[in-house]
Amino acid sequence: MRAAAVAAGICWTGAFGADAGPCARGEEAFAARRYTPAQEALWDCVLSASPDPQAAHHLALTYRETRNYDEGLRRVDAALAHSGKSVDLLYLSAYLHFRMRRQNDSLRLRSAAGETGA
């Protein structure tokens, strides 16, 4: 039923008022292995404070496929500076640092995410 509503253009609202439009578009693009468009939509989803942690997880996986880690770090750093410490953003930053072989930064950020989420 939800898929039909999304296909019809109905905008779903999550528990925290997040627009599910970009979330649904991102998940659809991710499932179709269209990682670049998935990144854009999933970024919109994560930045809208979606209550679904799967969006941030899939966003991280798009970077594994596209390998545009520097761009991802620039985006996550800007998002963290703008919106503060978000668990999803901290984990995403930790993941990107890990993929770039910056393990110390990755561990520091992962620890900060754990403290933020506690």
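Farthest toward the positive end of the dipole of the stretch 68-118, out of T116, L89, Q103, is the Cα of Q103, where the dipole comes from beta carbon charges about the Cα centre.
Among E27, E40, sorting on how many other beta-carbon atoms sit within 10 Å of each Cβ, with the fewest leading, yields E40, E27.
Computed from the coordinates by the stated procedures, all read-outs in this text should not be read as laboratory data. Keep in mind it's a predicted model, so treat the numbers as computed, not measured. With ideal geometry, Cβ positions are generated from the backbone for all residues, glycine too; neighbour counts draw on all protein chains shown.
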